Amino acid sequence: MSDLPRKAVTRTAKLAALPLGFAGRTALGLGKRIGGRPAEMIASELQQRTAEQLFSTLGQLKGGAMKVGQALSVFESALPEEIAGPYRAALTRLQEAAPPMPSQSVHAALEKRLGSDWRDLFEEFEDKPAAAASIGQVHRAVWHDGREVAVKVQYPGAGEALLSDLTQLGRFARLLGPLIPGMDIKPLIAELRDRVSEELDYALEAQAQRDHAAEFADDPDVVIPDVVHQGSEVLVTEWMDGVPLSEVIADGTPEQRDRAGQLLARFLFSGTARTGLLHADPHPGNFRLLPGTAEGGGPEQWRLGVLDFGTVDRLPDGLPPLIGAALRGALEGDAEGVYAMLCEAGFVRESVELDPDAVLDYLVPIIEPARAEEFTFTRGWLRTQAARIADPRSPAHQLGRQLNLPPAYLLIHRVTLSTIGVLCQLGATVRLREELRDWLPGFLPDQDGDGAGGGGDMAEDGEPGPGESDAGALDPPECGPADGPADGAVNGAVEEPADEPLEQAAGR
């Protein structure tokens, strides 16, 4: 058991040891191969030791280090199978548990925030934490009115630790790149850093959770625990039992996997449409699979429990209708229409001119899950996509480096990729197209942008509106002549836009 390490020099030294350890083990492996050890045995040994160091360091430091580890954990599906095992086990442990802080530190924090008589608020309080996460840990307790509750206590010095870790990790982000092929980790770290203040503000988290709990109060498929009490660094919510999604990923039945995947996809799209908020931390530790309310109910009655609303994107008008309209256009093969929309939204810079057919070819494999009524998400499919985009020799990689990710879409992009990563971990067969029809604005050609699932660009009479082509897309704007590759990129993740620092863009 350990307190969160406070001194910046201590945290920096531990983080700096990660890439040094990676490099040292690589050199050691070369020496062992020269000495006659089998390559496969050496590789397995080095990967296991590297994975253990990764979990140990990120877990002990908690703060931003653990936050990055949790964010990366959903992308382990993209790792080649021969090296995925050790990292899968180590990163998955970050989703549910980390070394906890001592009980005396917890008591001191509760006394500081709830008063010296804090124990009077509880009938029972378990000193052993039920979960330890990046900026706080959760204790099971019984509130003074008899309700079972979860008490989330923020680590002392969590804010300082978050900023210190994310700054240091950003400096050697490229060295972590091989862990997740096809993904640029630096923008992910920058975006996490820009949201530190929101992550630490339990008042914002409590309000986001209340909004979700009220909206989903009578929902048969999604369960959100309500807020019981909120302080500056303590948050008390209703306790929720259930099977952690990480356990479903590890040992779930096919029926559990499919049901969890379907409800996860539904929550991604419906939550934003119904609340104007996008839950932006979709790693498996934040979800539970709950039995249905009816006795003897089958898998179709299982429900999805959702936790942790510390990171949300505020989208009062829901997801941008352009996402649905462009997705629909790509599925219909409308290269010119899709290209026009991407130009209009800033995905293609004015100084860049691309072949619309090449852009469509880049997108089609990625959007395959939306084409059929059912799609089975697999690690193999995700590895194929990651390899296609990560290979510097591939046309997809070259084109992706010329695309840009507008700031307004940054967090939406990460959440979507993260959700896809979890669906591939589950190996779930999902009726994704059904959820898109119900909840994604712009996906249906006759949507007008009002209400759940609304948001197309077509006029009400079905004729193209002002500035639209027959395909419902915006008329092509001036994208301008090609001036060489743009600085921004969309290659599985994003690179920093040249016209606005990512530090500013991610905070929007």
- Restricting attention to the stretch 212-226, and to residues there that are in a helix (DSSP H, G or I) and not charged (D, E, K, R), which single residue is surrounded by the fewest Cβ atoms within 10 Å (Cβ to Cβ)? ALA214
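Out of VAL222, VAL227, which single residue is closer than 25 Å to HIS107 by Cα, at pLDDT 95 or above and in the same structural domain as GLU111 (by TED's automatic domain parsing)? Step through it out loud before you land on a result.
Details: VAL222 fails: closer than 25 Å to HIS107 by Cα.
Residue meeting the stated conditions: VAL227.
Need a quick list: helices (runs of 4 or more DSSP H) entirely within the stretch 350-438 having at least 3 residues that are over 22 Å from HIS279 (Cα atoms).
Values: elements: 356-363, 379-390, 395-400, 410-426.
Because the criterion is at least 3 residues that are over 22 Å from HIS279 (Cα atoms), the helices (runs of 4 or more DSSP H) in the stretch 350-438 that meet it are 356-363, 379-390, 395-400.
Are any of the residues in the stretch 433-442 surrounded by fewer than 19 Cβ atoms within 10 Å (Cβ to Cβ), more than 20 Å from the chain's Cα centre (by Cα) and modelled with pLDDT under 95?
Initial filter on the stretch 433-442 (surrounded by fewer than 19 Cβ atoms within 10 Å (Cβ to Cβ)): 433-434, 437-438.
So of that shortlist, the ones also more than 20 Å from the chain's Cα centre (by Cα) come out as 433-434, 437-438.
Now restrict to residues that are modelled with pLDDT under 95: none.
Within the stretch 433-442, not a single residue is surrounded by fewer than 19 Cβ atoms within 10 Å (Cβ to Cβ), more than 20 Å from the chain's Cα centre (by Cα) and modelled with pLDDT under 95.
Of the residues ALA390, ALA452, ALA459, ALA428, which single one is small (Gly, Ala, Ser) and modelled with pLDDT of 90 or more? Spell out how you get there, then give the answer.
On the way: ALA390 fails: modelled with pLDDT of 90 or more; ALA452 fails: modelled with pLDDT of 90 or more; ALA459 fails: modelled with pLDDT of 90 or more.
Among ALA390, ALA452, ALA459, ALA428, only ALA428 is small (Gly, Ala, Ser) and modelled with pLDDT of 90 or more.
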- Members of the stretch 75-124 that are in contact with a Phe, Trp or Tyr (Cβ under 9 Å, 6 or more places away or on another chain), at pLDDT 90 or above and of a type in the set (S, T, N, Q): SER105
- Task: Of all residues in the stretch 282-301, count the ones that are part of a loop (DSSP other than H, G, I, E, B) and surrounded by 22 or more Cβ atoms within 10 Å (Cβ to Cβ).
- Result: 2
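Just to be sure before I move on: is ARG266 surrounded by fewer than 18 Cβ atoms within 10 Å (Cβ to Cβ) and basic (Lys, Arg) in the structure I sent? Spell out how you get there, then give the answer.
Working: surrounded by fewer than 18 Cβ atoms within 10 Å (Cβ to Cβ): no; basic (Lys, Arg): yes.
No: the conditions fail for ARG266.
Just to confirm my filter: which helices (runs of 4 or more DSSP H) fall fully inside the stretch 132-205 and include at least 2 residues that are of a type in the set (Gly, Ala, Ser) and at pLDDT 70 or above? Break it down into steps so the answer makes sense when it comes.
Values: elements: 158-171, 173-176, 185-194, 196-200.
Once the helices (runs of 4 or more DSSP H) in the stretch 132-205 are filtered for at least 2 residues that are of a type in the set (Gly, Ala, Ser) and at pLDDT 70 or above, what remains is 158-171.
Going by what's in this entry, would ARG274 be described as within 27 Å of LYS152 (Cα to Cα), part of a helix (DSSP H, G or I) and not hydrophobic (A, V, I, L, M, F, W, C)?
Values: within 27 Å of LYS152 (Cα to Cα): yes; part of a helix (DSSP H, G or I): yes; not hydrophobic (A, V, I, L, M, F, W, C): yes.
The answer is yes for ARG274.
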- Hits in the stretch 329-357 (condition: small (Gly, Ala, Ser) and in contact (Cβ under 8 Å) with a residue 60 or more places away in the chain): GLY329, GLY337, ALA340, ALA345, GLY346, SER351
- For GLN209, state whether it is of a type outside the set (A, V, I, L, M), within 23 Å of PHE125 (Cα to Cα) and assigned to a helix (DSSP H, G or I). yes
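The values are calculated or read from the model by the stated rules, or taken from the named source; none is laboratory data. Because the structure is a prediction, the values reported are computed rather than measured. Neighbour counts run over all protein chains shown; Cβ positions are idealised from the backbone, glycine included.
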